[in-house]
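Before any comments, here is the structure.
The values are calculated or read from the model by the stated rules, or taken from the named source; none is laboratory data. Just so we're clear, the structure is a prediction, and the values are computed from it rather than from any experiment. Here the Cβ positions follow ideal geometry from the backbone for every residue, glycine too, while neighbour counts run over all protein chains shown.
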Amino acid sequence: MTRALLPRNRSGLSAIVITVILIALSMAAIVLVWVFINNIVKGQIKSSEACFGNFDKVSINEQYTCYDSAADLIRFSLIVGDIDVDKIIVSVSSASAVKSYTIINGTTIPGLVMYSGESPQTIILPGKNSGLTYNATGFASTADLIQIAPVIGGTQCEASDSVSEIEVCTG
């Protein structure tokens, strides 16, 4: 009598077990892919949040940006709005030279001095809602382009401002 209670064909039971295992494996794969993609997207969002909405808060003051042919230097002035900036990367291009300066508080940068000082000198980054002027030496001709890119929260942002028409300094 015990044989009558046991099914003779167990292939139906095997198909159900295999189907459940395949569904569980598929769900596990979906979870792994989701975790991986989610971490990548969150990392990209975090790095772009630092620069978002801050495009116009770091700029070049064209009024104090000029070329001094007597001293072979280019003077540029930076303005920082209501934002904390880690550093500012300045690129100056002319026919005679192309130079890049990373302006960080408390550093000495060869060929760059504060407007009011002599070389070598500690460079100061403009604070919140302020501006400073710098002299970049070693330029035998006027600059064709000055670009700046702020670094905010450890993330380098796109160029926030540029000047392509640099006047000759007067007075």
- Task: Consider only pairs whose beta carbons are under 9 Å apart and that are at least six residues apart or on different chains; among these, list those whose first residue lies in the range 146-171 and is more than 24 Å from A70 (Cα to Cα) and whose second residue is outside any loop (DSSP other than H, G, I, E, B) and of a type in the set (F, W, Y).
- Result: I148/F76
- Message: Going residue by residue through the range 112-127, is there one that turns out to be of a type outside the set (S, T, N, Q) and in contact with an Asp or Glu (Cβ under 7 Å, 6 or more places away or on another chain)?
- Response: no
- Query: Counting only residues that are surrounded by fewer than 15 Cβ atoms within 10 Å (Cβ to Cβ) and of a type in the set (S, T, Y), which one in the range 48-92 is nearest to G153 (Cα to Cα)?
  - Reply: S48
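Here's the yes/no breakdown for (1) at pLDDT below 85; (2) among the charged types (D, E, K, R); (3) under 30 Å from S116 (Cα atoms):
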| residue | (1), (2), (3) |
| --- | --- |
| I40 | no, no, no |
| C51 | yes, no, no |
| D56 | yes, yes, yes |
| S59 | no, no, yes |
| Q63 | no, no, yes |
| Y67 | no, no, yes |
| A70 | no, no, yes |
| L73 | no, no, yes |
| L78 | no, no, yes |
- If A140 passes every condition in (1) at pLDDT 90 or above; (2) among the hydrophobic types (A, V, I, L, M, F, W, C); (3) surrounded by fewer than 14 Cβ atoms within 10 Å (Cβ to Cβ) but one, which one does it miss? (1)
- Grab the strands (runs of 3 or more DSSP E) fully contained in the range 27-115, keeping just those with 3 or more residues being touching a residue at least 12 places away in the same chain (Cβ under 8 Å) and in contact with a Gly (Cβ under 7 Å, 6 or more places away or on another chain). 73-80
- Qualifying residue in the range 104-121 (condition: of a type in the set (S, T, N, Q), crowded, with 16+ Cβ neighbours inside 10 Å and at pLDDT below 90): no
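Against the condition closer than 17 Å to I60 by Cα, of a type outside the set (A, V, I, L, M, F, W, C) and in contact (Cβ under 8 Å) with a residue 60 or more places away in the chain, how does P126 come out, does it pass?
Values: closer than 17 Å to I60 by Cα: yes; of a type outside the set (A, V, I, L, M, F, W, C): yes; in contact (Cβ under 8 Å) with a residue 60 or more places away in the chain: no.
Judged against the criteria, P126 is not a match.
I'd like the residue in the range 129-171 that is acidic (D, E) and outside any strand (DSSP E or B) and, out of all such residues, is farthest from V92 (Cα to Cα). Write out each step before concluding.
Taking the range 129-171 and keeping what is acidic (D, E), we get 144, 158, 161, 165, 167.
Then drop every residue that is not outside any strand (DSSP E or B), which leaves 158, 165.
Details: E158: 16, E165: 12 Å.
Taking the candidates together, the pick is E158.
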